[in-house]
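Q: Below is the structure I would like to discuss, written out as structure tokens.
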Amino acid sequence: MIASALTLLLAMTGIAASPFERRVADGLNTRAVAAGKEYFGSATNNPELTDTAYVTGLSNTADFGQITPGNAMKWDTIETSRGTFSYTKGDEIASLAKKNGQLLRCHTLVWHSQLPSWVKNGGFDNATLISIMKNHITNEVTHYKGQCHHWDVVNEALNEDGTYRSSVFYDTIGPAYIPIAFAAAAAADPSAKLYYNDYNIESAGAKSTGAQNIVKLIKQYGAKIDGVGLQAHLIVGSTPSQSAQTANINAFVNLGVEVAYTELDIRTTTPATSSAVTQQAQDYASTVAACKAVSKCVGITIWDYTDKYSWIPSVFSGQGAALPWDENLQKKTEVYNAILNAWGSAPAGSTGTSTVAAPSATEVVVSTSAAPAATSAAAGTVQKWGQCGGNGYTGPTTCVSGSTCTKQNDYYSQCL
Ligand SMILES: O[C@@H]1[C@@H](O)[C@H](O[C@@H]2CO[C@@H](O[C@@H]3CO[C@@H](O)[C@H](O)[C@H]3O)[C@H](O)[C@H]2O)OC[C@H]1O
């Protein structure tokens, strides 16, 4: 009786055992952990949690050691009207992760999308919007304090050319909204790792450089940033090579932050052909191998695990089949095994499922980039937050020669 209860408990936690042995079940997460990573995980959404077969798969810690709420922690769910906070949906997913013994990646605090119109169209001035943003962050991060392994603090602040995206936050506050957000999140939960998260930054280019500049900006302001999330909404046949991805990861790591793949899916035209599936398996493998090759790439999250609940078909017309499980919750063997084997061999003593040799992965070390240069503002430039000091700002306070940095209040200062 006690032995069968123990077996049931261990099966629920992804550990297979007899009364005389404890063996870790083989899977995407246990292989990632054996490769030195923190987790392999999946996003999920509340409506799917009524599907018991789906939840059983999501709760299998051999495959998934981490869960990310796809929508439940976004501003339009949490603070639908000013000062009214609702955590029911986020709590449901946080509780599931806790029950399963899985890590929780919390997503996301400040984003131009899925933002309620009372924020987007509120017409608030600079100081008021800063106060609204800080209040939102403080309230939500405090609610989940101690539960979030990572927080995606700011999501998608960049255009494709690496310049700042126009949003109510950027247009009202200026780029300083980013370090202000990170500082507020750090104050509310000092132990959560704080991430900047974006798409199309999985290989070198203007946007990846823009994200690296955001890391520098946050640090210049004296705020804490721990990591950069590479969303990795990729396309079959156009996925960057392993070496391109590894070099890109190292460019972030060399700035003193870690990296995680946060929303990986690799879409194709549907219905997927067998050659597309073969290419997709290779694309997943090169992405996993890139992460494996750099110790500071801490884990990979797929943006849900099954095509049944993928967001892709609703956003990219005629595209889909992006995930390792199909619409019937069946593993796509070729894709699943490619991920499994890209992580390397099964943990010693595990209940093995595959014996295919793993590809070798080499750590690529690129030269350490120079420390970020202190920026000097041009005469007449309105610095929308604390460029001349104030409100905790510890970055450069120098104007270009001949101009004087004048503090107007805690939020505005100007080089005159
Ligand atoms: O009708 C909405 C529906 O449109 C919404 O879809 C979600 C949109 O966000 C998706 O996640 C984002 C994917 O891209 C990255 O850019 C972001 O970081 C992610 O947050 C999510 O998967 C979709 O479900 O869901 C709510 C419905 O009311």
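Bear in mind that the values in this text are calculations on the coordinates, not laboratory data. Not measured: the values here are computed from a predicted model. Quick reminder, even Gly has a Cβ in these numbers, built from the backbone with ideal geometry, and neighbours come from all protein chains shown.
Q: For a quick check: sort GLU48, GLU38, GLU327 by the number of other beta carbons within 10 angstrom, fewest at the front.
A: In increasing order of surrounding Cβ atoms, one gets GLU327, GLU48, GLU38.
Q: Taking amide H positions as placed in the peptide plane 1.01 Å from N, state which residues far from LEU103 in sequence (5 or more) or on other chains have amide H under 5 Å from it.
A: GLN66, ILE67
Q: Find which of PHE124, LEU103, GLY57 sits farthest along the positive direction of the dipole of the range 40-136, computed with +1 on the beta-carbon of Lys and Arg, -1 on that of Asp and Glu, about the Cα centre.
A: After comparing all options, I get PHE124.
Q: Using a ≥ b ≥ c from the Cα gyration tensor of the range 110-200 (square roots of the eigenvalues), is it rounded, prolate or oblate, where a/c under 1.5 gives rounded and otherwise the larger of a/b and b/c decides, a/b for prolate?
A: Verdict is oblate for the range 110-200.
Q: Under Stokes-Einstein, with the Kirkwood radius over Cα pairs standing in for Rh, what whole-number D in µm²/s applies to the range 50-185 at 25 °C and 0.890 mPa s? Show your work: numbers first, answer last.
A: Values: Rh = 15.9 Å.
In µm²/s, the coefficient rounds to 155.
Q: Given 10 °C and 1.306 mPa s, how large is the Stokes-Einstein diffusion coefficient of the range 185-337 in µm²/s, with Rh as the Kirkwood radius over Cα pairs?
A: 98
Q: Between ASP161 and SER243, take the C-beta separation as r, use R0 = 22 Å, and let me know the FRET efficiency to the nearest 0.05. Mind dumping the intermediate values first?
A: Working: r = 24 Å, r/R0 = 1.10.
Computed FRET efficiency for ASP161 and SER243 comes out at 0.35.
Q: On to the next question. Please compute the Kirkwood hydrodynamic radius over the range 28-343, one decimal place, Å, based on all pairs of different Cα atoms.
A: About 19.6 Å for the range 28-343.
Q: Please report the relative contact order for the range 28-343, taking Cα pairs under 8 Å with a sequence separation of at least 6, and give it as a percent rounded to a whole number. Numbers along the way, then the final one.
A: Values: 640 pairs, mean separation 51.6, N = 316.
Reported relative contact order: 16 percent.
Q: Over the range 146-261, calculate the relative contact order: mean separation of alpha carbon pairs under 8 Å at least 6 apart, over the residue count, as a percent. Write out the running numbers ahead of the final one.
A: Numbers: 181 pairs, mean separation 33.0, N = 116.
RCO, the range 146-261: 28 percent.
Q: Excluding same-chain residues fewer than 8 positions from LYS89, which lysines have a Cα within less than 26 Å of its Cα?
A: LYS74, LYS98, LYS99, LYS120, LYS134, LYS145, LYS193, LYS308
Q: Skipping prolines and chain starts, which residues have an amide H placed within reach, meaning under 5 Å, of the one on THR108, given they are 5 or more residues away or on another chain?
A: HN-HN under 5 Å from THR108: MET73, LYS74, TRP75.
Q: Let me ask another. How would ARG105, ARG82 line up from fewest to most surrounding beta-carbon atoms within 10 angstrom?
A: Neighbour counts put them in this order, fewest first: ARG82, ARG105.
Q: Let me ask something additional. Which order do the peptides 313-320, 190-197 take when ranked by the mean count of other beta-carbon atoms within 10 Å per residue, highest first?
A: With the highest mean Cβ count within 10 Å placed first, the list reads 190-197, 313-320.
Q: Which whole-number percent is the relative contact order of the range 79-218 (Cα, under 8 Å, 6+ apart)?
A: Averaging sequence separation for qualifying contacts and normalising by length gives 27 percent for the range 79-218.
Q: Please report, in debye to the nearest 20, how large the charge dipole of the range 201-287 is about its Cα centre when each Lys and Arg carries +1 at its beta carbon and each Asp and Glu carries -1 there. The partial results should precede the final answer.
A: Values: 5 positive and 6 negative charges, 60 e Å.
Result for the range 201-287 is approximately 280 debye, rounded to the nearest 20.
Q: Let me ask something else. Considering amide H positions built from the backbone, and no H for Pro or chain starts, which residues 5 or more places from LEU194, or on another chain, come under 5 Å of its amide H?
A: Sorted by chain and number, the residues that satisfy this are TRP151, ASP226, GLY227.
Q: With θ taken as phi - 60° and the coefficients 6.51, -1.76 and 1.60, list the Karplus ³J(HN,Hα) couplings across the range 278-283 in order, rounded to whole Hz; mark glycine and proline as x.
A: My calculation for the range 278-283 gives 4, 5, 4, 4, 5, 5 Hz in order.
Q: In terms of the Cα gyration tensor, with a ≥ b ≥ c the square roots of its eigenvalues, is the range 219-301 rounded because a/c is under 1.5, prolate because a/b exceeds b/c, or oblate?
A: prolate
Q: Tabulate in residue order the Karplus-calculated ³J(HN,Hα) for the range 323-331, using 6.51 cos²θ - 1.76 cosθ + 1.60 with θ = phi - 60°, rounded to whole Hz; enter x for Gly and Pro.
A: The phi angles translate into 10, x, 10, 7, 5, 9, 6, 8, 4 Hz.
Q: For the residues ILE266, ILE173, what sequence is obtained by ranking on other C-beta atoms within 10 Å, fewest first?
A: Working: ILE266 27, ILE173 23.
Final ranking by Cβ density, sparse to dense: ILE173, ILE266.
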